[in-house]
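What follows is calculated from the coordinates using simple rules that are stated; it is not laboratory data. Because the structure is a prediction, the values reported are computed rather than measured. Virtual Cβ from ideal backbone geometry, glycine too; neighbours counted across all protein chains shown.
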Amino acid sequence: MSGPLKDRVALVAGATRGAGRGIAVELGAAGATVYVTGRSTRAHRSEYDRPETIEDTADLVTEAGGQGIAVPTDHLDPARVRALVDRIAHDQGRLDVLVNDIWGGEKLFEFDAPVWEHDLDNGLRLLRLAVETHAITSHHALPLLLRHPGGLVVEMTDGTAEYNRDTYRNNLFYDLAKASVLRMAFSLGHELGPRGATAVALTPGWMRSEMMLEHFGVSEENWRDALDRVPDFAISETPRYVGRAVAALAADAEVARFNGQSLSSGGLAREYGFTDLDGSRPDAWRYLADAKDAGEPADPTEYR
C-alpha cells in the first residue's frame, strides 16, 4: 500500500453503503487500512433487506489500494463494539481515524409528520440508531485513538450547524438526530483537543447513494435522466466526494484548526482542491443558502 495514509488505521462505523462506503473506499485509495462495519453481510441482511454488504465494501477498499477488513457489528451492542476495538488494538496497535457514520433511519422517519402523529417506536429507534450508536462507539474506540497523537474523529450528519440551526429538518426525530450529532462533534472537540486529537462534524450534500438512485429509478451512469422531474438533483454528488473530504482531513497535518467545527463536502473541496468523480465540485449547502431557500432563482449547475 502507498499514499498519504499509508500505515494509518481507520474505522468506518456504518460502511455498508452510501457515505460510509464512499469514505472507506477513499481512505483505502489513500493507502489506509480500513475496518468497515455494519449489520448487512453476505450471510445475513439487516432489516434494510438490501444487497449491499460490508464484505463488498472491504473488497472495494482493497481494490482502491488500501486494506479493507469487514467486521460485522451492531453498534447498539456495547459488547460487540468493545470486541471490535479490542480486535483492532490486537491486530494494529493503533487507530488513527474514526468515522461515525451509523444511521439506519431511512425506513423509520415520516416526512413532515408532527411528533404526535409519527410512529413512536420508529422515532425512538431512529434516535437510538443515529445517536446512541455514535456514543457507544466513541466510548470504546477513543482510548485506542488517543494512544498516538493526531487522531481524527468524523461525525457524519446531514446539514451544517448553520443550516440546521435555522431550518426545520423533516420532523422532530430527524431534526433532533442530526442536531445531536453536530453537537456531539462540538463536545468531542472539547474533550479530544487538549489530548492531541481532532473531532469534526461533516455533511455531504445531496448524495447519490444506492437508495437515492433507486428511488429515482436511475443509475450512476444515467442519473441526469432524473433532472426533468427533480431539477435540484443537478446539485447532487457521489458518495466518493465526501469520502475524498475525509481522506483530505485525515492527511492534513494541520487538521486541528477545524476542531469542533461543522464542515461540508463542498466547502472542503474548495479548501483542499479535490473534485467529485466527474471533475466537478458540487456545493449543495451553498446552493441552498444562497439561492433556493432564499427564494432567488438559481441554476444548480453554477454551484458545481
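Which Cα, out of 261, 141, 250, lies furthest along the positive dipole direction of the chain (beta carbon charges, K/R +1, D/E -1)?
Going by the charge dipole, the pick is 141.
Running a GNM on the chain with Cα contacts under 10 Å, which residue among 271, 221, 26 ends up with the highest mean-square fluctuation?
Looking only at 271, 221, 26, the largest GNM fluctuation is found for 221.
Quick one: if you take sqrt(5λ) for each eigenvalue of the C-alpha gyration tensor of the chain, what semi-axes come out, biggest first, whole angstrom? Write down the numbers at each step before the final one.
Values: eigenvalues 154, 97, 81 Å².
Semi-axes from the Cα gyration tensor: 28, 22, 20 Å.
Counting each DSSP H run of 4 or more residues in the chain as -39500 (n - 2.57), what helix-only mean residue ellipticity at 222 nm follows after dividing by all residues, to the nearest 500 deg cm²/dmol? Display every interim value, and only then the final one.
Details: 11 runs with 118 residues, N = 304.
The helix contribution divided over the chain gives -11500 deg cm²/dmol.
Between 156, 211, 184, where does the largest GNM mean-square fluctuation fall for the chain, given springs only between Cα atoms within less than 10 Å?
211
Provide the gained length on full extension for the span residue 162 to residue 110, in nm with one decimal, where the gain is 0.36 nm per separating residue minus the Cα-Cα distance. Working shown, then result.
Numbers: separation 52, 0.36 × 52 = 18.72 nm, distance 2.37 nm.
This chain segment gains 16.4 nm when fully extended.
Within the P(r) computed for segment 1-54, what percentage of the Cα pairs occupies the region above 16 Å?
On the way: 591 of 1431 pairs.
Summing the P(r) of segment 1-54 above 16 Å gives 41 percent of all pairs.
Let's test the formula: R0 of 35 Å, r as the Cβ-Cβ distance of residue 219 and residue 121. What FRET efficiency results, to the nearest 0.05?
0.55
Can you tell me the convex hull volume per residue for segment 1-140, based on C-alpha atoms, in Å³ to the nearest whole number?
Numbers: hull volume 14.9 nm³, N = 140.
In segment 1-140, the Cα convex hull volume per residue is 106 Å³.
Return the whole-Å distance between the Cα centroid of segment 87-153 and the Cα centroid of segment 1-78.
What the calculation gives is 15 Å, centre to centre.
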